[in-house]
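Undergrad: Quick one: the structure is below, questions incoming.
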Amino acid sequence: MKDQFTSLISFYVNKEVFAFDTLKVRNILEFGKITWVPNVKDYLLGVINLHGNIIPIADLRVMMQMENIENTNDTAVIVVSNDDKAGSLIGIVVDSVNEVFDTEGLEVQESVFNGNTGVISSFLGSIHRNEEFVHIIDLDETVKEIEN
């Protein structure tokens, strides 16, 4: 496994559960006003100002090639950073945030989905928890894709 993590933040995209390493999550925001930016990839919605930092906002649902995306009161923006620098903050839109949980004692199975699986091309693995699978997204690879 590429990374070792002790806790994950889980969230929903199209009724499926995904997760990020909590050490890379900086904020969780309500979905709100986003300033549009021209000539960007279709999954980049624009930018927001967070404490004086201009942060690009990417829609994970579009990155996963979902159709008929509808924002609700639960739609959230998870602000992440893969290197702890304010200039590298990125907001990622998800359907809703679920929970933060400890991974101690849970077995992470290697992902069978690595490869050509759309824009999100790399998963760190999956955990079977509470009668559902939680797919752990490789945040480093996702951030690289957004920044390209």
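Undergrad: For the range 8-147, build the charge dipole from Cβ charges (+1 Lys, Arg; -1 Asp, Glu) around the Cα centre, then report which of Ile28, Pro38, Val13 sits farthest towards its positive end.
TA: Going by the charge dipole, the pick is Pro38.
Undergrad: Still on this structure, I have one more. Let's see if you can work this out: charge +1 on each Lys and Arg Cβ, -1 on each Asp and Glu Cβ, no other charges. What is the dipole magnitude of the range 8-147 about its Cα centre, in debye to the nearest 20?
TA: Computed charge dipole of the range 8-147: roughly 540 debye.
Undergrad: Solvent-accessible area per residue for the chain at a 1.4 Å probe radius, Å²?
TA: Per residue, the chain has an accessible area of 57 Å².
Undergrad: When only Cα pairs under 8 Å and 6 or more residues apart are kept, what is the percent relative contact order across the range 8-147?
TA: Relative contact order, the range 8-147: 27 percent.
Undergrad: Still on this structure: Report, in deg cm²/dmol and to the nearest 500, the calculated mean residue ellipticity at 222 nm for the chain, where each DSSP H run with n ≥ 4 adds -39500 (n - 2.57) and the sum is divided by the residue count.
TA: On the way: 2 runs with 13 residues, N = 148.
-2000 deg cm²/dmol, from helical runs alone.
Undergrad: What is the gain in length, in nm to one decimal, between Thr6 and Glu145 on full extension, counting 0.36 nm per residue of separation less the C-alpha to C-alpha distance?
TA: 47.6 nm
Undergrad: If you take the charge dipole of the range 8-147 about its Cα centre, with +1 on Lys and Arg Cβ and -1 on Asp and Glu Cβ, which of Ile90, Thr142, Ser122 is farthest toward its positive end?
TA: Ranked along the dipole, the leading option is Ile90.
Undergrad: Ignoring any ligand, DNA or RNA, what whole percent of the accessible area of the chain comes from carbon and sulfur when the probe is 1.4 angstrom?
TA: 46 percent
Undergrad: Still on this structure: Please work out which option in (i) 0.94; (ii) 1.01; (iii) 0.97 gives Rg/Rh (Cα atoms, Kirkwood Rh) calculated from these coordinates, and answer with its label.
TA: (i)
Undergrad: For Ser122, enumerate residues with amide H under 5 Å from its amide H, sequence gap 5+ or separate chain, H modeled in the peptide plane.
TA: For Ser122, whose amide H was placed from the backbone, the distant partners under 5 Å are Asp138.
Undergrad: For labels at Glu132 and Val100 in the simple 7 Å Cα→Cβ model, what's the distance in nm?
TA: About 2.0 nm separates the two model spin labels.
The values are calculated or read from the model by the stated rules, or taken from the named source; none is laboratory data. None of the values given here were measured: they were computed from a predicted structure. Counting neighbours? That spans all protein chains shown, and the Cβs are built from the backbone with ideal geometry, glycine included. Ligands, DNA and RNA are excluded from the accessible area calculation, which covers all protein heavy atoms including side chains. Shrake-Rupley method; radii C 1.70, N 1.55, O 1.52, S 1.80 Å.
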